[in-house]
Amino acid sequence: MDAVSDVFDLLQLRGTFYFRTDFSGSWGTTVPKLGYAARFHYVVRGECWAKVEGQAPVRLSAGDFFMVPHGASHVLSDRPIDDAPPLETVLRSAGYDGRHVLSNGVHDSEASTQLICGHFDFDGELGHPLLRALPAAIVITPQQRHKRPWLERILELLVVNVFNDYPGSVAAVTRLSEILFIECLHCIDAQAPQLSELMRGFSDPHLARALAAMHHEPNRAWEVGTLAREAGMSRTRFANEFQHAFGQGPIAYLTEWRLQRAAAQLRRTNQRIADIA
């Protein structure tokens, strides 16, 4: 298993689909903060505005994919506003039962804004440089997706399953959204320079060999020199390039990874503390 796959396996990435919307006229809602999750909204039709707490409002058009990686509170609306009724209030007012389309009761097919909404869940208490490198908000336009054809196809499949409600469609949407999150990481270079450096580090054939070795045998007494040999690089060059890509030295990364693995085992298994240590 490559290091990135190992990270997401440890973090237990899970996709969750909420609902699709059909809003017309004047509308707005405040999506509450959700810890250790990344909210997402995909604009299937129409347009809207999104404002993350502490950020400037962003205009979204049909085909735009909007994500709030750290689960911050944000406002979705038909126009730029700072405040709107809580999502819980909107759901209750609309009589939403969890199965059908969330609508504000205004029927205007020409002005309708249709969204697919959900979130990516993960064991955020473990943390990882990948999660820390994500910005407060991400917008991926159709134009930006040209370099990631798979991302476009996943979104197409997501729409088909959500709008047609096939048997097993909820499970399909859940699995697709998990893949969607990982694909998004490869598509936001300009919006997340730190993440871009990390992904380049994970993709670098030399650094990837050292990372794979650390992830495969985290209990081994690794030193910078032995990891450099795994990478096929000089000790100095390896240490410098690793620091540049990951923002920390290889031994610091290894120590953090060991602690993350140990934390997961403490919470998810019945192993003795001494054995985990």
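Accessible surface ranking for Trp49, Trp150, 1.4 angstrom probe, highest first: Trp150, Trp49. Placing R0 at 35 angstrom, the Cβ-Cβ distance between Ala190 and Ala62 gives a FRET efficiency of 0.95 after rounding to 0.05. Sorted largest first by accessible area at a 1.4 angstrom probe radius, with every protein chain in place, the residues Thr236, Thr269 fall in the order Thr236, Thr269. From the alpha carbon centroid of segment 225-264 to that of segment 1-60 is 32 Å. Placing +1 on each Lys and Arg Cβ and -1 on each Asp and Glu Cβ, with no other charges, gives segment 147-271 a dipole about its Cα centre of roughly 420 debye. Under a model in which nothing but the beta-carbon of Lys, Arg (+1) and Asp, Glu (-1) is charged, the chain shows a dipole of about 560 debye around its Cα centre. Overall form of segment 166-261: prolate. Here a/c, set by the Cα gyration tensor axes a ≥ b ≥ c, is 1.5 or more, and a/b is the larger of a/b and b/c.
Does segment 1-105 come out rounded, prolate or oblate by the C-alpha gyration tensor, with a ≥ b ≥ c the root eigenvalues, rounded set by a/c under 1.5 and, if not, prolate when a/b is larger than b/c and oblate if not? Because a/c hits 1.5 or more and a/b exceeds b/c, segment 1-105 counts as prolate.
Across segment 138-277, the mean sequence separation of Cα contacts (distance under 8 Å, 6 or more residues apart), normalised by length, yields a relative contact order of 16 percent. For Asp83, put the label point 7 Å out on the Cα→Cβ axis and report which residues of segment 17-59 keep their amide N under 13 Å from it. Backbone N within reach: 30. Hey, how much of the P(r) for the chain falls beyond 31 Å, as a percent of Cα pairs? More than 31 Å apart: 35 percent of the Cα pairs in the chain. In the chain, the DSSP-assigned H stretches of four residues or longer account for a calculated mean residue ellipticity at 222 nm of -13000 deg cm²/dmol, using -39500 (n - 2.57) per stretch and the full residue count as denominator. Atom-type composition of the exposed protein surface of the chain places 52 percent of the accessible area on carbon and sulfur (1.4 angstrom probe). Would you mind checking the tilt of helix 149-164 against the longest principal axis of the Cα atoms of the chain, expressed as 0 to 90 degrees and rounded to 10? Taking Cα atoms only, the helix is inclined about 40 degrees. The Asp275 and Glu152 beta-carbon pair, evaluated with R₀ = 41 Å, returns a calculated FRET efficiency of approximately 0.35. Placing +1 on the Cβ of every Lys and Arg and -1 on the Cβ of every Asp and Glu, with no other charges, gives segment 38-164 a dipole of roughly 400 debye about its Cα centre.
Placing His206, His146 in order of accessible area, with the largest value first and a 1.4 Å probe, yields His146, His206.
The values are calculated or read from the model by the stated rules, or taken from the named source; none is laboratory data. Here the structure is a predicted model, which is why all the values come from computation and not from measurement. Positions of Cβ are generated from backbone atoms using ideal geometry, with glycine treated the same way; all protein chains shown enter the neighbour counts. Only protein heavy atoms, including side chains, enter the accessible area calculation; ligands, DNA and RNA are left aside. Shrake-Rupley method; radii C 1.70, N 1.55, O 1.52, S 1.80 Å.
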